[in-house]
1. Please go through segment 1-57 and pick out each residue that is of a type in the set (F, W, Y), open to solvent by less than 90 Å² (accessible area, probe 1.4 Å) and either at pLDDT 90 or above or in contact with a strand residue (DSSP E or B) (Cβ under 9 Å, 6 or more places away or on another chain) (or both).
2. Out of all the residues in segment 32-61, which are of a type in the set (A, V, I, L, M) and not in a loop (DSSP other than H, G, I, E, B)?
3. Need pairs with beta-carbon distance below 6 Å; first residue modelled with pLDDT under 85 and within segment 58-69, second of a type in the set (V, I, T); sequence gap 6+ or separate chains.
Amino acid sequence: MATKKVGSAGRFGARYGRKPRQRVAEIESKLKQWHKCPYCMKKRVKRVSIGIWKCKACESKFTGKAYTI
Ligand SMILES: [Zn+2]
């Protein structure tokens, strides 16, 4: 199956229509970036799972919002 140009949201196929998938692709591209740690202020935070974030610099694990800290 050919995927359309919606980045990582292509896996959802055609089920949800075009606009929501573009929004998902936008959100997910942000997820893959490094986020700023509220403890050491370094941009070394990755999302472990929904709402759970971990800093690679100070090893702190904390909760945040589902898609951003
Ligand atoms: Zn940190």
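The values are calculated or read from the model by the stated rules, or taken from the named source; none is laboratory data. Source: prediction; values computed, not measured. Neighbour counts run over all protein chains shown; Cβ positions are idealised from the backbone, glycine included. Heads up: the accessible areas ignore ligands, DNA and RNA and are worked out on the full protein's heavy atoms, side chains in. Shrake-Rupley method; radii C 1.70, N 1.55, O 1.52, S 1.80 Å.
1. Listed by number, the list holds a single entry, W53.
2. V45, V48, I52
3. A66/I50; Y67/I27
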